[in-house]
Structure formats: C-alpha cells, structure tokens
Amino acid sequence: MHIGWIGTGRMGAAMVERLLESSLKVSVWNRSPEKLSVLIEKGASAMPSPAALASEVDVIMSILSHDEAINDCYRGQHGVLSAGEAALRGKLVIEMSTVQPKVAQSLASDLHRLGASMLDCPVGGTVGPAREGKLLGLVGGSAEDLDRAQPILQQLCRRVEFMGPQGAGASMKLCVNMPLMVYWQALGEALSLVRHLPVSPEKLIDIMSDTSGTPTAMKGRGPAIARLMSGEAPAAAAFDMAMICKDLRCMLAEGASLAHDMPVVEAALSAYERAIQEADLGDCDGTALPAYWSVRKKNDAQSLKSNDH
C-alpha cells in the first residue's frame, strides 16, 4: 500500500516516521519543503504537489493546521482535487486535522463528487504518542471506509473509535481537547494561591497530581510545569499555545452553531491570548500557561521565556 501524506508539522512528521518504521511506503508533501528533509532521509519520497501525490498513491492522508491550509492543499491550484476524477476515483482520504465538522463535511462532499471517499479522523495525543503509535483515533464517515483504513490506523493508534457519520470525528475531537485546555488555566490560577508558601514547585505539582481533580496528562507533564515554575526555559512544544487558541476558537464557533453558550471556553481563550500577548508564549507548549499564570500578578506581565520570574 502506497500512502501519500500532506502536512509534516510536528504531528504529521511523527506519524510519517511511525508509518515508515512499520515498513509502509510513504510519499510526502508539505507547504514548507524544508521540513521534508528528515523524512526523506528516513525513506519517504517527496512529491512536487498535492495533485501529483494524489495521482500516485493509494491512500491520501493529511493533518493540517487550520481551515485555510486544508482549502489550499485540497482546493488550491495544484491541490488534491485538481488531480481530477481519473486520479481520485476509488481512493480513500483520511483527513486528521482539528477543525469544525462542517469543514470536514464540505471536503468530503467535494471528494465524493470526484469518486473518492473520506474519513475525518482527528487524533488525541501529542508527538510522543504519535511516534509510538499510541494515539486515539476519532472517526467520522462510513464503517466500510473505516474497515479499509484500519491497517493504517492500527499502526498509529492504540484505540480507534467510530463516532458516526461524516464530521462526527471532528466533533468528538473538539470535545476531547476542551477539558485539558481549560484545565491548564485553572491549574495556573490554583497554583497562584500557594506560590508564596515555603514549598518547592516540584512538591506543589506532586500534591496536585495526587488529587481527584487532576487529569491523567499531569502524570507526564507535571514535571515540566514544575521545571518552568523553578525558572527553567521552556522545552520544545508538543502542542503550542497558538494552536490551542485556534482549537478554542473552533470550539466556540461550533458551540455557537449549535446554540450552546461556552463561558468557560471564552474565559480560557482570553487567558491564553493574554499570555501570548504579554509574554510572547505563542510557540510555547500549553504547559507554559499554568506556570505563567501562577506567577503573574494583576496588571504585571511576566515572562517565562526570559526566566524573569
């Protein structure tokens, strides 16, 4: 099976590496070609355009940062759809970006008119689980297409769940991401109440990690938060705050489309945006938010990047 992969950012590159390690044939395309060099060294083949990729492969996969990127890669001048019906008929597309359901549904409709099938299959997890094949796959589309996709998804995911018709995977991904994104802000505010105590950040995080309100993510990310609170510079981001803001905006837009108010998400988005504006944390991991907020005082911007706290 020949897989074509579009979008080799942090997550996309990690998943391609996983597929290559599973001895699958993978061709790749990215809007920033310089990001392909490592994957080519590991055995992937570079393609000149999404259309050329679509013409050569059996299955097309993509994970892109936002709606505009999807539109460009699929509907642009040399996008997947420009390959035409002769190239796309009978092929399966697995689109893994975190977007509103309507974006996935619209793309699936365009692909269907050219004879291709699509699953929306965003994944839960970050770069580490992606490299280890331990993501959570959330699938919308047809059960028959999921059967076709299983040999690939089983290489990437520890668990694959069929959520319903087209767009259902996208809906579930917004649901899955929301509580943790809100939690990072709540944790920062909670820690601000105890930073004055004669207790190390490591001990504070250890205690918080042993409470009933703590998500499982704290097991792996708690030590990183403690290091930031102690003054260490941020490590490379697994899921940066700029992308978190994009997801939160998607959640608010989807909530509005369903006539649901989301005051907690609105407040969390405001907190992330303030941290990005005040301390230039847009490219920092989401775990920088609780560390930042725990030291920030009213009307006093702090900087994690400069360790000025």
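Test of understanding: what is the full-extension gain from residue 297 to residue 142, defined as 0.36 nm times their sequence separation minus their Cα-Cα distance? Mind showing how you got there, number by number?
Values: separation 155, 0.36 × 155 = 55.80 nm, distance 5.07 nm.
Gain in length upon complete extension: 50.7 nm.
Could you pull out the pairs from 35/173; 134/219; 203/297; 35/134 whose alpha carbons sit more than 18 Å apart here?
Too far apart for the 18 Å limit: 35/173; 203/297; 35/134.
Using every alpha carbon pair in region 164-300, what percent of pairs falls into each 5 Å bin from 0 up to the bin containing the largest distance?
Final binned percentages: 2, 9, 20, 22, 19, 14, 7, 4, 2, 1, 0.
Any idea what diffusion coefficient region 77-145 gets from Stokes-Einstein, in µm²/s, Kirkwood Rh on alpha carbon pairs, 4 °C, 1.567 mPa s?
Reported coefficient: 99 µm²/s.
Can you put 162, 239 in order of Cβ neighbours within 10 angstrom, beginning with the fewest?
162, 239
Of the candidates 58, 67, 210, which one comes out as most mobile in a Gaussian network treatment of the chain with C-alpha springs shorter than 10 Å?
Result: 210 has the largest fluctuation of those listed.
222 nm [θ] for the chain, helices only, -39500 (n - 2.57) per DSSP H run of 4+, per residue, to 500?
Rounded to the nearest 500, the figure is -15500 deg cm²/dmol.
Fewest to most neighbouring Cβ within 10 Å: what's the order for 207, 152?
With the sparsest Cβ surroundings first, the list reads 207, 152.
Mind checking which of 30, 177, 71 has the largest fluctuation in a GNM of the chain, springs on alpha carbons under 10 Å?
The residue with the greatest mean-square fluctuation here is 71.
Give the angle, between 0 and 90 degrees and rounded to the nearest 10, that separates the Cα long axis of helix 101-113 from the longest principal axis of the Cα atoms of the chain.
It works out to around 10 degrees.
Please work out the Kirkwood hydrodynamic radius for the chain, using every pair of different C-alpha atoms, and report it in angstroms with one decimal place.
This gives a value of 20.4 Å.
What is the calculated FRET efficiency for residue 82 to residue 219, with r their C-beta to C-beta distance and R₀ = 45 Å, to the nearest 0.05?
Efficiency computed from Cβ-Cβ geometry: 0.50.
Along the three principal axes, how long is region 234-304 when you take its alpha carbons, biggest first, rounded to the nearest angstrom?
The Cα atoms of region 234-304 stretch 37, 28, 16 Å along their principal axes.
How far apart, in nanometres, would the label points at residue 21 and residue 150 be if each is projected 7 angstrom from Cα along the Cα-to-Cβ direction?
Output for this residue pair reads 2.4 nm.
In region 121-212, how does Rg compare with the Kirkwood Rh, expressed as the Rg/Rh ratio over alpha carbon atoms?
On the Cα set of region 121-212, Rg over Rh gives 1.17.
Which FRET efficiency, nearest 0.05, do residue 56 and residue 258 yield, Cβ-Cβ r, R0 45 Å?
0.70
With a 10 Å Cβ neighbour count serving as the proxy for reagent exposure, in which order, fewest first, do 214, 126, 98 appear? Working shown, then result.
Values: 214 16, 126 20, 98 23.
Exposure proxy ranking, most exposed first: 214, 126, 98.
Rg over Rh of region 10-113, using C-alpha atoms and the Kirkwood radius, what does it come to? Walk me through the numbers before you get to the answer.
Values: Rg = 13.2 Å, Rh = 14.1 Å.
My calculation of the ratio gives 0.94.
What does a probe at residue 71 reach in region 101-126, counting residues whose amide N is under 17 Å from the point 7 Å along Cα→Cβ?
101-111
Please figure out what share of the DSSP beta bridges in the chain is antiparallel and state it in percent, rounded to the nearest 5.
For the chain, the DSSP antiparallel bridge percentage is about 20.
A short reminder: the numbers here are calculations on the coordinates, not readings from a lab. Quick caveat, the model's predicted, so the values are computed rather than measured. For neighbour counting, all protein chains shown are included, and Cβ atoms are generated from backbone atoms with ideal geometry for every residue, glycine included.
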